Amino acid sequence: MRCFSNTWLGPRAVVAFAVAAVIACVGGGWSVAAASRPVDTTPADAAIRQWVRYPTIPDHLSPQAELGKRLFFDTTLSASKRMSCASCHSPAHAYGSPNGRAVQLGGPHLDRAGTRAVPSLRYLDHTPLFSLDAFTPGSEDAEYEGPRGGFTRDGRAASRQQQAAIPLLDRNEMANADPQAVVAAVREGPYAAAFRHVFGAGVFDDPAQAFADIGAALAAFQREDPSFHPYTSKFDAVMSGRARFTAQELRGYALFNNPRKGNCAACHIDVPGPGGRPAPFTDFAYAALGVPRNPGIPANRDPRHVDLGLCGPYRRDLRAQARYCGMFKTPTLRNVATRRVFFHNGAFRSLLDVVAFYVQRDTDPGKWYPVLHGKVVAYDDLPSRYRGNVDRTDAPMDRGKGAKPALDAGEIADVVAFLRTLDDGYSATAGGPAVHPDTASAGGGTSRSHGATATGPPRCFPRPRDPAEAYLFSPTWRPTPGPFVAPL
Ligand code: HEC
Ligand code: HEC
């Protein structure tokens, strides 16, 4: 649980005061954001800014990382010879899934469905080592003690090097029979000489070592290549004073931070970390949110199939620890609007629905969960003995049936408008100015953020009442019709 310190004077308090100041129209003129220089500073603009140190861009990749780049895009490393890492982690989609499938098809004939949605590979650099009792002290206002860190949604891989072995050998993914098969593909492939050059002339004599080296090269590519951590979102531009939020984005930002409203920042941290490290939008910790079962995942037709996250089935060391069952890692929200399915099982297809789920999950459970024998089965993707693990203490999930949701429909739309500022591609450089407005519409779907600017006197921001936006206020999610198979 994330508890708030009594003083409420952590970084989020600063954010809250800054946003309040801007919303209260403190400050002077409201001018068009210049494309190439910081926007004119008002006291309110200055209050919202944060000191951030963006990573320096290396002149060139190390030889290991260059090799990792070739491996990442190499389809011969799969049993089908048609699937590479990039098939699921598409660079054009923030290294997330290029399609709208909840789970991907892999295996030797690309017809075997996986069981989890593909996460983005961006912004994983500061993933802490997995620990069961990580503690975030009260200096942050979101204090937390519990499991945190590690790679994959259940933290079972200690490093990206180790993680690479999972998709290469998973029979639903790249489906190689064993590490030797992967090593053989590299040895017979076009960059075998480069591989020897980097890892030693005898590298192929020891397949176990060569397989580990393949993982090391893939990890080096993800660590070094700037495309994995560009920090070119509108959010970054605003924080460095080079753009302004629209009125709606600003309201969303305030709700995202408000502990009594969205409270999103308690887990999706939106303030810089140690040394000015840019906001990660995750705390890398685990929570059970009770996401509905997704009947679209073929494995879910079997009532014995349950994905319990930390306590299995893929992670094995915590199987006996019932209190962790149902917990999944908090993903970064950077680039979240580029995704087409959400949560570990891809049960949701729109951000409006995701945010509505957070605030209405317990106030209106019949909207989110199926009905069995006349009763709503809340948290239906978990066997009933683990349903008590679902987080009901952190706002906005702390309200009972029939209570008023923490956010109304307009506020949900505001939060989503803010989430859309987290997509990379708004600026050309980290924390940089907007790409020129005339060319922005070509820039990776970021043009929608460019309503940032307005002219005229200082203004307050009433919520738009445009009936054309009404569809925004009625989230569309319904439990997928069809046979509901309750997990055992
Ligand atoms: C068939 C689709 C698919 C392919 C191919 C694939 N992945 Fe993934 N990747 C996934 C899924 C699904 C997950 C989440 C797995 C889990 O939580 O158990 C994931 C997770 C990851 C993670 C952990 C992310 C995090 O948040 O901790 C990394 C790193 C990663 N993949 C890298 C790779 C690399 C490198 C390759 C190529 C060797 C690769 N993936 C190939 C689907 C794929
Ligand atoms: C208690 C911690 C916590 C709070 C508070 C929280 N989240 Fe999350 N969030 C998570 C976890 C854990 C997941 C992953 C759950 C899963 O996959 O089952 C997640 C996933 C998401 C996702 C899906 C991302 C993806 O890539 O699939 C979105 C979007 C999201 N959260 C937005 C929000 C918003 C908006 C708020 C505030 C209204 C919020 N979250 C509040 C912990 C939290």
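Every read-out reported here was derived from the displayed coordinates using simple, explicitly stated rules and does not represent laboratory data. Please read these numbers as outputs of a predicted model, since none were measured by experiment. Note that each Cβ is placed from the backbone with ideal geometry, even for glycine, and that neighbours are counted across all protein chains shown.
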Residue-count net charge about S78 - beta-carbon cut-off 15 Å; Lys, Arg +1, Asp, Glu -1: -1
Virtual spin-label span in nm between Q321 and T393, 7 Å along Cα→Cβ: 1.7 nm
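Specify, per residue and in Å³, the volume enclosed by the convex hull of the alpha carbon atoms belonging to segment 162-221. Write down the numbers at each step before the final one.
Details: hull volume 4.7 nm³, N = 60.
Cα convex hull per residue, to the nearest whole number: 78 Å³.
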Above-threshold pairs, the threshold being 29 Å between Cα atoms, out of K234/K261; K261/K401; K234/K401; K81/K234; K261/K367: K234/K401; K81/K234
For segment 63-228, alpha-carbon Rg relative to the globular expectation (2.2 N^0.38 Å, N residues): 1.10
Under-5 Å amide H pairs with G309, H placed in peptide plane, nonlocal only: G326
Charge context of F195, other residues only, Cβ under 10 angstrom, K/R +1, D/E -1: +2
Packing-based ranking, highest mean first, of 249-262, 110-123, 412-425 given that Cβ atoms within 10 Å are counted: 412-425, 249-262, 110-123
Summed residue charge, Cβ within 15 Å of P207's Cβ, Lys/Arg positive, Asp/Glu negative: -3
Volume per residue that the Cα convex hull of segment 162-285 spans, once the total is divided by residue count, Å³: 181 Å³
Debye, to nearest 20: dipole size of segment 359-403, +1 on Lys, Arg Cβ, -1 on Asp, Glu Cβ: 180 debye
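By per-residue mean of other Cβ atoms within 10 Å, what is the highest-first order of 91-101, 146-156?
Details: 91-101: 18.1, 146-156: 22.8.
Peptide ranking by packing, descending: 146-156, 91-101.
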Chain lengthening between D111 and A208 when straightened (0.36 nm per residue, less Cα-Cα): 32.0 nm
Whether segment 278-322 is rounded, prolate or oblate, judged on the alpha carbon gyration tensor where a/c under 1.5 counts as rounded: oblate
